[in-house]
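Just so it is clear, none of the values below were taken in a lab; they were calculated from the coordinates. These numbers come from a predicted model, not from an experiment. In this analysis, Cβ positions are derived from the backbone assuming ideal geometry, glycine residues included, and neighbour counts consider all displayed protein chains.
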Amino acid sequence: MVPNSENRVEQVAQEDLVMFINACLACTGQKEFYDDAYGQRVSIDFLHDYILGNYRLLYARSLAAGINHFNQAQIIFKLLATGKQTLREHKAEEGALIATALQNLPPQRAWGVLQQLRKQGINNRRSRALARDYLTQRRDLSFDAIKYRGKVRAIASHAHLNLPGELGTFLFAFNEPKSYTTPLFEQFRQAHYSAEAVYELPFTIAEGLAAKHKIPREVFLSRIQERMTLTEKLRFQGAAERTEVEINLNLGRLPLTKLALYILSLPLETREKEWDTLNQALDKSARLALKKAPLKLGRVAAVLDCSYSSYGSNEKRRRPLAVAVATHYLLKAAAKDYRAFWTTSVKEALFARPCGQTDLATPLLAALGCGAESVVIVSDGCDNNPPNGAAEVLRIFRSKLDPFRKTSIVHCNPVFNSEDFSLRPLSLSIPTVGLRDAEDLPTMLGFARFADGSAHLAELETYLAERVALMLGN
């Protein structure tokens with residue numbers, strides 16, 4: 001009886017951790033097509049507290065599992081807020097994971113975590129050291145001091161930091177000096193009095209000052225372009241179009257999923273007219289993604305969901321569809337032989353649009369019948385035409401036609417289901433993994449063996465330990 005009890009404990013732990021990592025791959029606490037933002041945040045917060053309380057070491061190691069930035073920030077904050085509960089033998093590893101993850105976060109997320117510590121009154125030695133190290137390791141601290149001025153000032157005060165050079169004066173007594181020796185500080189000071197000096201600043205800093213000087217929007221966007229990053233150009237493309245200002249975008253440099261999101265935001269007429277350019281940009285972006293995370297596949301079929309629910313929400317507009325389109329290009333670049341099957345008739349992936357009910361059974365039958373070695377399904381799992389049609393197809397295929405599982409089938413779900421704290425599965429006979437960005441597909445296919453429940457807890461622990469060693473450079 002004891003061995004069975006131990007096995008059951010390990011099985012529960014494995015299921016808990018897989019559920020948590022899957023949730024952290026997909027959930028961002030934002031509104032989805034079927035769920036509101038409040039439900040998403042309540043569900044994911046409960047999962048964090050549950051895993052933290054029961055599996056602290058593995059909770060910390062989840063930072064290395066490829067989860068999204070939203071959940072990395074949550075883990076960092078919760079670990080720091082409960083530092084007294086860390087076992088002595090795990091303190092060094094946990095601290096290294098927190099520091100590395102914080103450095104790798106986008107700056108707005110990282111400064112947000114540190115500000116959250118201040119708001120919650122968390123000011124222990126480890127959190128102060130973390131704030132100090134993060135500040136000293138920033139490559140362009142003067143830029144951060146301007147863009148996130150309020151946050152940097154509050155964190156420096158909260159953690160009692162010794163600030164280098166002119167940083168302290170800039171943050172706490174900006175108007176006292178008549179000039180600064182730090183170039184960006186001086187440019188920022190001059191831009192308060194001169195409209196022309198605004199164009200010497202990075203875009204995100206210059207934007208607020210342009211409004212102060214009442215510079216017309218079209219004039220500002222036209223002249224500031226060389227100071228804009230690629231992401232900023234992408235974000236303000238729509239605003240530029242409304243003011244008839246041409247923004248020069250190098251599409252080939254955009255990450256694959258972001259590029260797909262941008263292309264799907266274009267009118268269908270534009271996508272048809274510029275198909276060659278847009279298609280080449282997606283192909284190039286997919287190849288670049290595979291250089292960073294290599295993936296070589298044989299005969300592959302993809303079942304891609306473009307039903308109405310792939311629109312997502314106003315907060316995540318067209319994101320599920322963009323993940324499907326981006327995955328299409330990634331698999332096409334990685335496979336020797338590739339075929340795509342959509343839930344509705346799609347002439348070209350670039351012309352896909354959210355429409356109709358979700359019929360996964362029909363394209364799934366076609367994919368299973370084409371002789372593919374691997375089948376990748378990208379869908380939110382809400383199969384409703386007919387209901388559970390794909391589940392029946394998969395049940396019969398696994399039990400009658402492929403009992404030895406010669407065909408690999410993986411369901412990639414970009415949407416977190418807040419009702420049951422998980423990703424909505426298509427069938428228990430295939431693994432379901434979270435997929436926020438198509439670029440993460442190589443990592444998620446490696447994680448799929450844990451999602452189907454066939455791997456033991458020890459294998460999952462080893463997998464996470466290897467990911468930690470890779471993240472920390474050991």
Next item on the list: Only loop residues by DSSP count here, and only those with at most 10 other Cβ atoms within 10 Å; note down the trypsin sites (Lys or Arg not before Pro) in the stretch 134-208 that meet that.
Entry: ARG139, LYS178
Notebook entry, point to check: Between ARG149 and SER222, what FRET efficiency follows from the Cβ-Cβ distance if R0 is 41 Å, with the result rounded to 0.05?
Noted result: 0.90
Item checked: Mean-position separation - Cα centroids, the stretch 449-474 and the stretch 46-75, in angstrom -> 14 Å
Item checked: Spin-label pair ARG235/VAL9, simplified geometry with 7 Å Cα→Cβ offset, distance in nm -> 4.9 nm
Checklist line | Alpha-carbon centroid distance for the pair the stretch 1-35 / the stretch 90-109, whole angstrom | finding: 23 Å
Checklist line | Cα-based helix-to-principal-axis angle, 149-158 vs the chain, degrees rounded to 10 | finding: 90 degrees
Notebook entry, point to check: Hey, what angle do you get for helix 37-54 against the long axis of the chain, alpha-carbon based, 0 to 90 degrees rounded to 10?
Noted result: 80 degrees
Note to self: Along the charge dipole of the chain, pointing to its positive end and built from +1/-1 on Cβ of Lys, Arg, Asp and Glu, which listed residue (GLN11, ALA92, THR169) has its Cα farthest out?
What the structure shows: THR169
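Could you size up the charge dipole of the chain around its Cα centre, putting +1 on the beta carbon of Lys and Arg and -1 on that of Asp and Glu, and report it in debye to the nearest 20? The partial results should precede the final answer.
Values: 60 positive and 51 negative charges, 211 e Å.
About 1020 debye.
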Checklist line | Separation in nanometres of the label points that stand 7 Å from Cα toward Cβ, at LYS273 and ASP337 | finding: 4.0 nm
Item checked: Proximal charge balance of HIS90 [Cβ under 14 Å; K/R count +1, D/E count -1] -> +2
Checklist line | At R0 = 56 Å, FRET efficiency that the Cβ-Cβ distance of ASN385 and LEU288 yields, to 0.05 | finding: 0.95
Check: Once both labels are modelled 7 Å past Cα along the beta-carbon direction, what's the ASP402-PHE174 spacing in nm?
Finding: 6.0 nm
Next item on the list: Relative to the longest principal axis of the C-alpha atoms of the chain, give the angle of the C-alpha long axis of helix 275-292, reported between 0 and 90° and rounded to the nearest 10°.
Entry: 90 degrees
Next item on the list: For LYS84, list the aspartates and glutamates whose Cα falls under 18 Å from its own Cα; do not include residues on the same chain fewer than 8 positions away.
Entry: ASP49, GLU93, GLU94
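Any chance you could run the full-extension gain for LYS347 through GLN190? It's 0.36 nm times the residue separation minus the Cα-Cα distance, nm to one decimal. All intermediate terms of the calculation are to be shown ahead of the outcome.
Details: separation 157, 0.36 × 157 = 56.52 nm, distance 5.44 nm.
Working it through step by step, the gained length comes to 51.1 nm.
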Checklist line | Modelled label reach - ASN124, point 7 Å along Cα→Cβ, the stretch 51-71 residues with backbone N closer than 19 Å | finding: 51-63
Next item on the list: Using a Förster distance of 56 angstrom, determine the FRET efficiency expected from the C-beta separation of GLU200 and ALA458, and round it to 0.05.
Entry: 0.45
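Take each of the peptides 169-177, 113-121, 329-337, average the number of other beta-carbon atoms within 10 Å over its residues, and list them starting from the highest.
Working: 169-177: 13.6, 113-121: 16.8, 329-337: 20.1.
Listed from highest to lowest mean packing, they are 329-337, 113-121, 169-177.
Working out 0.36 nm times the residue gap between ARG139 and GLN108, then minus their Cα-Cα distance, what length gain in nm do you get to one decimal?
9.7 nm
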